[in-house]
Amino acid sequence: MMLRELLYSQDDVLYAYVVDEDGRDLAHTFAAGVPRALKLAHKADPLLPYSAADLSTDKGRVHDIAVPLLNGQIGELHLGLSDTAIRRDVADILKVIVLFSALVLIAGAAVSVGFSRTITKPLMMLAGAAEAFGRGETNRPVAVESNDEI
């Protein structure tokens, strides 16, 4: 019941099964037992906490995760995760990252344009006054609002 509940509550889980140390089915989410070819396709390594294998099935690519139970002494737990669901989740995360990056880039560009205009405005006013002086407009006042090099 717990395996079926897991299967129905998670979109990316395609199957789950537990076999004993001799390969006999203890629990599974298949209608007619665990397919023999699936059992033979991937065995858990009892020396590792888990192992993973990519399998080609009639439902597409599947990531089979095998976990030995008590170092394989009482069997193995297998979960089949859909490659399609995983790819969809990764694509969704990438969309969020790209959108966030674009927003940060636009905000950064807007701030830098505003900052550069603030910095260069007194220089542009001084340059305009210098050009007017060069044309003979000697009466034009130049407003200096800062106490710096300008």
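Tell me, please, whether a residue that is of a type outside the set (D, E, K, R), more than 22 Å from Met2 (Cα to Cα), at pLDDT 85 or above and surrounded by 12 or more Cβ atoms within 10 Å (Cβ to Cβ) can be found in the stretch 98-115.
Checked against the condition, which is being of a type outside the set (D, E, K, R), more than 22 Å from Met2 (Cα to Cα), at pLDDT 85 or above and surrounded by 12 or more Cβ atoms within 10 Å (Cβ to Cβ), the stretch 98-115 yields no hits at all.
Which one is modelled with the lowest pLDDT, of the residues in the stretch 7-30 that are among the hydrophobic types (A, V, I, L, M, F, W, C) and open to solvent by 20 Å² or more (accessible area, probe 1.4 Å)?
Taking the candidates together, the pick is Leu7.
Kindly indicate which of Leu47, Leu26, Leu70, Leu40 is in contact (Cβ under 8 Å) with a residue 40 or more places away in the chain and of a type outside the set (D, E, K, R).
Leu26
So which of Leu40, Leu99, Leu94 ends up being closer than 19 Å to Asp20 by Cβ, assigned to a helix (DSSP H, G or I) and out of contact with any Phe, Trp or Tyr (no Cβ under 6 Å at 6 or more places or on another chain)?
Leu40
Got at least one residue in the stretch 79-92 being surrounded by 10 or more Cβ atoms within 10 Å (Cβ to Cβ) and farther than 30 Å from Tyr8 by Cβ?
No, the stretch 79-92 contains no residue that is surrounded by 10 or more Cβ atoms within 10 Å (Cβ to Cβ) and farther than 30 Å from Tyr8 by Cβ.
The values are calculated or read from the model by the stated rules, or taken from the named source; none is laboratory data. Remember, it's a predicted structure, so these values are computed and weren't measured experimentally. Positions of Cβ are generated from backbone atoms using ideal geometry, with glycine treated the same way; all protein chains shown enter the neighbour counts. Quick note on the areas: whole protein, heavy atoms, side chains included, nothing else; ligands and nucleic acids left out. Shrake-Rupley method; radii C 1.70, N 1.55, O 1.52, S 1.80 Å.
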